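Visitor: Here's a structure for you.
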Amino acid sequence: MTSESLHPQGAPDRRTVVAAVGSAGLAAALTACGSKDTSGSGTSTTQNGSGTTGGSGGDGAAAGSGGAALARTSDIPEGGGKVFGGVVVTQPAKGEFKAFSSACTHQGCAVNRIADGVIVCPCHQSEFSAADGSVRKGPALKPLPAKDITVADGEIRLA
């Protein structure tokens, strides 16, 4: 008996099935990691993780009603923050709001705790600065990527 006789004629072999499943999983992961461009119009203050402020978004369009409101400014504690889906919003100093990706740069786990100026990843305890996203404690080696936000009328929105 040969190994070919164990597979019915016309059925895919094991390698083909494993490769197809792996490709589908990779495609799903890449789709989930895609970015969403949400630019709008109006006037407001734009802030990003590097601390820049201005009246317009990075693509030249005026910032404003870009996306749905992430939070009210009163929802974000001074020295702390909150996680909203793929974004962590912090208030490192009174009236100063920053936003970063909530995906830890070590292995992609979502950060879940922000207190005393530190953003913490629950998977391996990496710590990041709530002020600029820089690494305070590894194993992460790269800072959290900054996200542009607008702050107007007591609301924080993605720019």
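The values are calculated or read from the model by the stated rules, or taken from the named source; none is laboratory data. Keep in mind it's a predicted model, so treat the numbers as computed, not measured. Quick note on the areas: whole protein, heavy atoms, side chains included, nothing else; ligands and nucleic acids left out. Shrake-Rupley method; radii C 1.70, N 1.55, O 1.52, S 1.80 Å.
Visitor: Can you tell me which residue within region 68-82, out of those that are assigned to a strand (DSSP E or B) and of a type outside the set (G, A, S), is modelled with the lowest pLDDT?
Guide: L70
Visitor: For F100, only one of the following conditions fails: (1) open to solvent by 50 Å² or more (accessible area, probe 1.4 Å); (2) closer than 23 Å to G154 by Cα; (3) not polar (S, T, N, Q). What is its number?
Guide: Just one mismatch for F100, condition (1).
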